[in-house]
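*Asks:* I am attaching a structure below and will ask some questions about it afterwards.
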Amino acid sequence: MKEGTFIVLEGIDGTGKSTISKKLKEWLEGDGREVVLTAEPTKEWLGNAVRRANEEDLDPRTESLLFTADRCQHTKRIGTWLDEGKVVICDRYFGSTVAYQGAALAPLMGDNAIPWLMALNGPVARRADVTILLTCEPSMAMRRVGDRGHLSKFEKEEYLRKVQDNYLMLAKELNWTVVDSDVQLAQVVETVKQAVRAYV
Ligand code: TYD
């Protein structure tokens, strides 16, 4: 049986991750692959707990643990889909915790924040075959998420800038593919397909 492929899309809010992941799914299905599109926070009760935590003023360490708990259970389901030979496209994964909670924890933990989050996620997260980081000028991202109406505390421009810096640091360290999403959608989709092609 053909082994599954684990594809992760990361990026700040407003980079078009969900649109791109849907296009990627259509393309791979057109190629005869069975595809599961999944996302974090999940739609399970742990994901709902994370969403509730987003709305309340919880300690960012508590939030980090909740996001990671949701991921731990999600990773088991991802493992099952991969064992079944499916392509799994995951909209956000452990990089989101390192980038977002890394930014939120910096005032509290300084330089210890990111190493702690990496250590916490090490035994929980599974290695993806390919991770695509979609980047975007944060002011542009703000305009896009602003169009959706309600802004969460994770969607403020200055914060998003720090989050994107953390993402870029991870991309360099972990060899992720970085794709600029400030161009025509068709062009972004094409670049993402090229990055994925070698693995599916
Ligand atoms: P989002 O992808 O917007 O999900 P939904 O559309 O279901 O609300 O994620 C919600 C917010 O949570 C988003 O601003 C990013 C943030 N987030 C973290 O801070 N850490 C994480 O580990 C994850 C997965 C998301």
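Readers should treat all values here as calculations from the given coordinates under stated rules, not as data from a laboratory. Remember, it's a predicted structure, so these values are computed and weren't measured experimentally. All Cβ positions, even for glycine, are placed from backbone atoms using ideal geometry, and neighbour counts span all protein chains on display.
*Asks:* Based on the Cα gyration tensor of the chain, what are the three equivalent ellipsoid semi-axes, each the root of five times an eigenvalue, rounded to whole Å and given largest first?
*Replies:* Over the Cα atoms of the chain, the ellipsoid semi-axes are 26, 20, 16 Å.
*Asks:* Rounded to the nearest 20 debye, what is the charge dipole size of the range 37-86 about its Cα centre when +1 sits on each Lys and Arg Cβ and -1 on each Asp and Glu Cβ?
*Replies:* Details: 8 positive and 10 negative charges, 47 e Å.
Rounded to the nearest 20 debye, it is 220 debye.
*Asks:* While we're on this one: Roughly how many debye, to the nearest 20, is the charge dipole of the range 1-98 about its Cα centre, given +1 on each Lys and Arg Cβ, -1 on each Asp and Glu Cβ, and no other charges? Mind dumping the intermediate values first?
*Replies:* Numbers: 15 positive and 18 negative charges, 46 e Å.
The dipole magnitude comes to about 220 debye.
*Asks:* Still on this model: What net charge is computed for the residues neighbouring residue 163, neighbours being all others with C-beta under 11 Å from the C-beta of residue 163, Lys and Arg scored +1, Asp and Glu -1?
*Replies:* -3
*Asks:* In whole angstrom, and with the biggest value first, how far do the Cα coordinates of the range 31-129 range along each principal axis?
*Replies:* 48, 26, 21
*Asks:* Name the residue farthest towards the positive end of the dipole of the chain from the options 15, 42, 79, assuming +1 on Cβ of Lys and Arg, -1 on Cβ of Asp and Glu, about the Cα centre.
*Replies:* Of the candidates, 79 comes out farthest on the positive side.
*Asks:* Projecting each Cα onto the charge dipole of the range 5-197 (Lys/Arg +1, Asp/Glu -1 at the beta carbon, about the Cα centre), which of 195, 141, 114 comes out farthest on the positive side?
*Replies:* Farthest towards the positive end: 195.
*Asks:* Sticking with this structure for a sec: If you place +1 on the Cβ of every Lys and Arg and -1 on the Cβ of every Asp and Glu, how big does the dipole about the Cα centre of the chain come out, in debye to the nearest 20? Don't jump to the answer; show the numbers that get you there.
*Replies:* On the way: 27 positive and 30 negative charges, 69 e Å.
Dipole of the chain, to the nearest 20 debye: 320 debye.
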